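The values are calculated or read from the model by the stated rules, or taken from the named source; none is laboratory data. It should be emphasised that the depicted structure is a prediction, and the values quoted were computed from it without experimental measurement. Every residue, glycine among them, receives a Cβ derived from its backbone with ideal geometry; neighbour counts consider all protein chains shown. Accessible surface is based on the protein model in full, side chains and every heavy atom, while ligands, DNA and RNA are left aside. Shrake-Rupley method; radii C 1.70, N 1.55, O 1.52, S 1.80 Å.
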Amino acid sequence: MNSKNEISPITLSTEQKLWLLSLSGHLSMQNGYSLDCLVNKNKKYTQDAIIRGNQMVLKNGYGINSKEDLINTFDIFCNTSKSQNFMACMAEHVRYDLLAKRYHIGRDPNENRGTALGIMLGWAEKHRTYLARCGIRAFDIGRYAFLCRCGVTVGLLTEDEAWYYLARIGKIAQPLFTNWQEFATSYIVGRCVWLEIETKDYDFDRDLNFRYDVAEKVKDASQDLKMILSDDSHPWCQLDWKMHF
């Protein structure tokens with residue numbers, strides 16, 4: 001790649017393309033977009049209506065008004081500051097655990113309670129083993145992939161450019177996760193952290209079950225992800241996570 005506006009086309013197999021599009025699985029499902037093509041399509045709406053809707057998503061949801069804005073957003077979503085802070089919180093819990101065992105000290109349960117940092121620390125403590133490698137980066141990756149599809153749909157990116165940027169995030173995602181279930185867990189925890197939902201407000205398990213009041217706040221994600229993971233025809237249930245690029 002020579003510049004942000006000039007890329008070299010890459011060759012991808014049909015399976016690789018489907019895998020990359022599947023990174024947008026939740027948001028694509030939420031909007032009724034199929035995963036069988038790069039451009040966002042929905043049989044219920046005209047393509048003009050979809051383009052207008054995607055333009056609104058880019059502008060109102062992410063402040064994206066140009067190709068440059070979109071590419072800058074891709075750079076941010078490769079590893080947001082919130083994801084970096086979450087990894088630091090998990091490392092802090094591990095370090096504290098070691099000190100606690102050595103010096104027999106306890107953590108103040110009220111420390112940072114109710115703050116954004118306290119909420120993040122709570123999620124980090126709960127998932128410091130299962131999400132030790134990936135943290136909440138699936139939430140960044142899923143949005144990146146969806147915005148890439150929006151970008152090509154509204155004409156900010158060519159198809160070659162879209163596949164280039166999708167392959168870029170695919171290469172980043174590959175070593176972070178071991179399967180789609182782990183990706184889904186990272187995604188939903190990331191959504192909770194971004195929405196500042198406290199761990200005490202949920203009843204979370206590997207099946208993505210939430211207490212009713214919390215489910216109302218993350219209803220779209222929790223229900224859609226459960227449907228995806230239980231749908232044998234969905235790419236998440238058909239494709240292995242491991243994919244060579």
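Within segment 29-54, restricting attention to residues that are assigned to a helix (DSSP H, G or I) and open to solvent by less than 90 Å² (accessible area, probe 1.4 Å), the residue that is farthest from residue 19 (Cα to Cα) is 49.
Of all residues in segment 122-145, those satisfying the criterion of being open to solvent by 10 Å² or more (accessible area, probe 1.4 Å) and at pLDDT 95 or above are 137, 139, 143. Take the conditions (1) closer than 19 Å to residue 184 by Cα; (2) part of a helix (DSSP H, G or I); (3) of a type in the set (A, V, I, L, M, F, W, C); (4) touching a Leu at 6+ places or on another chain (Cβ under 9 Å); residue 134 misses just one of them, which is (2). Every residue in segment 1-28 that is more than 24 Å from residue 185 (Cβ to Cβ), small (Gly, Ala, Ser) and either open to solvent by 90 Å² or more (accessible area, probe 1.4 Å) or assigned to a loop (DSSP other than H, G, I, E, B) (or both), please. Matches in segment 1-28: 8, 13. Counting only residues that are aromatic (Phe, Trp, Tyr) and part of a helix (DSSP H, G or I), which one in segment 142-181 is nearest to residue 46 (Cα to Cα)? Filtering first and then ranking leaves 146.
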